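One structure below.
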Amino acid sequence: MWLKTGLKYACVFLVRLNNTNNKITIGLPSVCRYIGNVRFNDKTVISRTYLSFGSNFKSQYSIPRLWLRNNLIHFKPGSSTYGRNFGVQKFTPVLFPALHLQPYRDIHTCGILFGEEEEQVKEGDVETASSEDTENDPKDRRKVIPPETSKRYLKSKAYAETYGSEPVWTRYRRNFKGQYPPRKTRKTCIRSGKISTGNPCPICRDEYLVLHHTNTELLEQFVSPHTGQVYDANKTGLCQKKQKELIVAVEKAKDWGLITFDVPFREYDYSEYYPDIQDSKTA
Amino acid sequence: MNMAITIRNIMLICNRVIVKQQTLLGRPFMSSFKLYENRKNEETLEESETIKDIDVEKIFIQPKVQEILKRIRHINMDKVFRTVTKPLSLPRYQFLTEEELQQQLEEARQKAEIKLQMPPVLKPKPSVTEILSYDPELQGLDNFKIVFTDITYGISDRQRLIVVRDTDGTLRKAKRGERHRMNQTYFPQNGRKHKLPIMFEDEHLDNLLQREKYEFVLDRACLQFEPDDPDYIKIIEKTYQHIDTTRSFNELRSTRHFGSMAFYFVVARKMDNLLLDMIQRKLISDAADLVRLYCIVHPDSDTAQQSVSEGDDLGIVKVGINKEVYSNVRPDSDTAQQSVSEGDDLGIVKIFLQYDSRKKGNLELALQTYEDMQKQRHIVEEGVKSAHGHT
């Protein structure tokens, strides 16, 4: 982006063009950075409302390309000149402050406006319009989390803060009408890749809790230490689908030897193996 | 023909086994499990050969051997009757007199003996099938084998008649894998699986052994396999060797597997680490028992010869006692009595050290430490006695 001289008002936007759907997404942190690099007069006020406005702007507004072309400002990153010539006096926190600008006809836009510097921006902040709507949806569960991530999560500070040292199902309460809960928990919390309920079960609500036979730390929270059996879904609040997954994962872990248990006793009849002895149980 | 008559008289159920698809649940049954075939480890090969030379079955079942093994195994009631996972039940409280209490304790000891029953030590028996009849007229009849299982009540799994009619018309007795599958189908045992649990495969077994879950592995192996299955023997040998390298013999003490493990080490001539462990835990009588067992199992070894030539039966030898310890001791005191028998035990252990041990240095050092400690203890005891006025 390069600076045009002689402007009274300007807004700083960093813009990425999405060539596929002709939409432009505007991102914030780069904006902050570029504002930081630019020297303003003492009278300049960059209000906080601008920043919050910018963040609102981020995911929800995809400005049509044609509109913005007429109202765009370009900055050259690292340029020492843009402080001097840039005379920002005042920002009005209006939705489309570019309206105050004089239109330029020979504005160039290109798909690689940001280049490598933009990559240093924290991931997830500058995204294309199509993925933003869906991946930032907190109820989206299409992303598959590997079990190793889940294992690391169980040892992390975030987990400790959320659950402490209790099992993950302890603080969960099912919602139901009346005194007694229905015999069965719901069939599933996740339909078509999204959470379809307001009170998802302990496993579905936390995407980083993955039921896998190697994730023994999580599995053992659902196994009774006294009877060695997997707790009923009525006790833990798991949806039926996750309960089945849990049972399978526990069985698999026992088969792999990742979870140990008290093996049933086998009594031998010695007379079968040593035909010569008289007493069957001992020699 | 006799076989045919018995088959006619008893109830039968047929099973189809399709020849081409010999997979169970998508996993070839026992074919990916090649423990018996991959005998690359020379060490284990050597041991298996020594075991082959010695008739382990005959020796293991001798009353003397069983006695020794039970003695060295000990019974720790807290370990035997530790809390296990079982269906929840309310505790039971009883008021007992002194006699009743003793009675209950006696019953508990008997229950412990049952719980600590040693799994049989047998020679590995390869799966050999006996052909009952050739009927080439039947070939081409079906594209599957038929398995006939005798499900009469009251017959044990090992003696049950299980025969297979192959596609080429041969009637033969079932192989080990087929027998296991049929027995588990009609007489399922709790905890035993149709398919081999994946934990018995090499890498997963290594993982378990690294985590030192020896009792779990051995218990599950007992349940899953027959004692003369070569795969079972391979697994338990691997476990015993791992215990040997980590010196964690105490994990198995007071469990059913300790006797079999000690027997394995004696037969394979690898008992030095176990002996060292016993001496370090001041179990000299156990150490002597182990040496006596060694003499029984290897009667032509130097140790056995020496102990016999010293004049007594394999049990008692009076040789190499540290005279300073016992010179001033009263013959009728408890210390004296103990030290005399201890002297015998020490003696026989020393004979073993001299002739047949492979870790002479370590063992000698341990024995020396033990003797020094005993000396010190004796001196202190004497001092205390004289202080109290009993000279």
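At a Förster distance of 30 Å, what's the computed FRET efficiency of A:Gln240 paired with A:Ala160, Cβ-Cβ distance as r, to 0.05?
0.55
Once the chain from B:His194 to B:Ala108 is taken as fully extended at 0.36 nm per residue, the excess over their C-alpha distance is 27.5 nm. For the listed residue pairs B:Lys193/B:Lys234; B:Lys213/B:Lys359; B:Lys282/B:Lys375, the alpha carbons are over 22 angstrom apart in B:Lys213/B:Lys359. Extending 7 Å from Cα along the Cβ direction at B:Lys173 and again at B:Tyr186 yields two label points whose distance is 1.6 nm.
Pairs exceeding 18 Å between alpha-carbon atoms, taken from B:Lys145/B:Lys175; B:Lys175/B:Lys238; A:Lys194/A:Lys241: B:Lys175/B:Lys238.
Of the GluC sites (Glu not before Pro) in the range B:47-133, the ones in a loop by DSSP (not H, G, I, E or B) with at most 15 other beta carbons within 10 Å are B:Glu130.
Each residue, A:Arg152 and B:Arg92, gets one label point 7 Å from its Cα in the Cβ direction; the gap between the two is 5.3 nm.
Computed extension length for B:Asp135-B:Asp78: 14.5 nm, one decimal, from 0.36 nm per residue of separation with the Cα-Cα distance subtracted. Computed from the Cβ-Cβ distance with R0 of 25 Å, the FRET efficiency linking B:Arg71 to B:Thr369 stands at 0.60. Applying both filters, DSSP loop and at most 11 other Cβ atoms within 10 Å, to the GluC sites (Glu not before Pro) of the range A:201-283 gives A:Glu267. For B:Ser127 and B:Tyr153, FRET efficiency with R0 = 45 Å and r from the beta-carbon atoms, rounded to 0.05? So, using R0 = 45 Å, E works out to roughly 0.95.
No value in this document is a laboratory result; all are computed from the given coordinates. Predicted, not measured: the structure shown is a model, and the values here were computed from it. Using ideal geometry, Cβ is built from the backbone for each residue, glycine included, and neighbour counts are taken over all protein chains shown.
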